[in-house]
Amino acid sequence: MRPLEFPDFLRRLDKHHKALDPMHLMYDNVLQSGYLHFGYWPTEHTDQPGVLGQFCQAQERFANELLACLPPGTHRVLDVGAGMGRLAGEMIARGHRVTAVTPSSVQAEHIATHYPAVTVKQGLFQDVGQTLDPKAYDVILFSESFRYMPLDRVMPLFSRLLSENGRVLIGDWFAQSRATHGRGHDHHEATFREMAQSRGWTIVSERDITQNILPTLTIAQEILCGLYLPLAGLVLSKFAQKRPKLFRLCLPWMTRWIERKLLPQLTGRFEPAVFAQDYRYLFLVIKSSDAAAA
Ligand SMILES: C[S@@+](CC[C@H](N)C(=O)[O-])C[C@H]1O[C@@H](n2cnc3c(N)ncnc32)[C@H](O)[C@@H]1O
């Protein structure tokens, strides 16, 4: 079921609540094969992981590809927006010294527990960055966290925190048109490039990996359309069947909330075709133009 079809699905539930079989409706929404039976599998097994296992492998590949952008040698790395700390742990294993920054107390605690060799600083980078030792890092790394950064507050921190010849490594997406910039936390690519250049930052290397992340969006769409929405549909079908009057009463409120609040979050840039057209996912390495001249 596509997100935009969900409100109509609810209206049909109201109409057909007497003749509903919620389970069959859910199977049909999940599978969309036209069949409702169990299927028949060959008995030989393969070692191919399921879709979530493949996704985890893709995340490990992403980490390897991103870390391949680091200059040779071991470094003092500031991992900004470190999430659950897996990448920081990976860098420790490769001999780097890592300080992780995250505003989330849950993430900070998780990193400290699971990766004790990582130094953890809890807070927003734009605040924490002011308190860190000057010139103490060779690399400032943003792994899908750059889009959250207020550029005017964060870019001055690069010069403050980086050692001579230090680099900023960014793996994140950038909006291509000024119209899409502003949705969520997106930075507009051309604006960022102009800003970096005017503040004395040079692009050392860049790689466009948009095509390599699109399968993730396809999987996310499949889970959303093939699982989440059908499950929500199952719960609401049961509701329509068991409490038809209450369902009818709630229907206008539910459809309004779905159409105004939920659908705008589920459609747009997270659809692979829209993302491919409006965004670029880049690995960027930048360094100070002074260092480039040195
Ligand atoms: C999409 S997650 C990426 C996590 C991790 N880097 C990874 O690759 O798995 C974005 C991270 O940025 C963090 N974040 C968001 N705004 C931030 C800010 N202003 N300063 C520091 N971290 C921030 C979030 O808490 C989260 O940990």
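Since every read-out is calculated from the coordinates, none of them should be taken as a lab result. All values derive from a computational prediction rather than experimental measurement. Cβ atoms come from the backbone with ideal geometry, glycine included; neighbour counts cover every protein chain shown.
With all distinct Cα pairs included, what does the Kirkwood hydrodynamic radius of segment 96-154 come out to in Å, to one decimal, could you say?
12.3
Straight-line reach from K245: which lysines have Cα under 24 Å away, leaving out those fewer than 8 places along the same chain? Correct list for K245: K15, K18. Per residue, the convex hull spanned by the Cα atoms of the chain amounts to 176 cubic angstrom.
Listed by chain and number, the aspartates and glutamates whose C-alpha is less than 18 Å from the C-alpha of K261, apart from same-chain residues fewer than 8 away, are E5, D8, E271. Have a look at L67, L217, L262 and tell me which one the Gaussian network model of the chain (Cα, springs below 10 Å) gives the largest fluctuation. In this elastic network of the chain, the residue with the biggest mean-square fluctuation among L67, L217, L262 is L262. Amide H contacts for V98 (H built 1.01 Å from N in the peptide plane; partners 5 or more residues away or on another chain; cut-off under 5 Å): V77, T119.
On the basis of the beta-carbon distance and an R0 of 41 Å, A117 and M254 show a calculated FRET efficiency of 0.25. Residues whose amide H falls under 5 Å from that of R167, counting only those 5 or more places apart or on a different chain, are V139, I140, with hydrogens built in the peptide plane.
Under the criterion of Cα pairs below 8 Å and six or more residues apart, the relative contact order for segment 97-239 equals 15 percent. Straight-line reach from K242: which aspartates and glutamates fall under 14 Å, measuring Cα to Cα and dropping same-chain residues less than 8 apart? Partners found: D14, D21. Helical content alone sets the calculated 222 nm signal of the chain at -14000 deg cm²/dmol, taking -39,500 (n - 2.57) per DSSP H segment of four or more residues and averaging over every residue.
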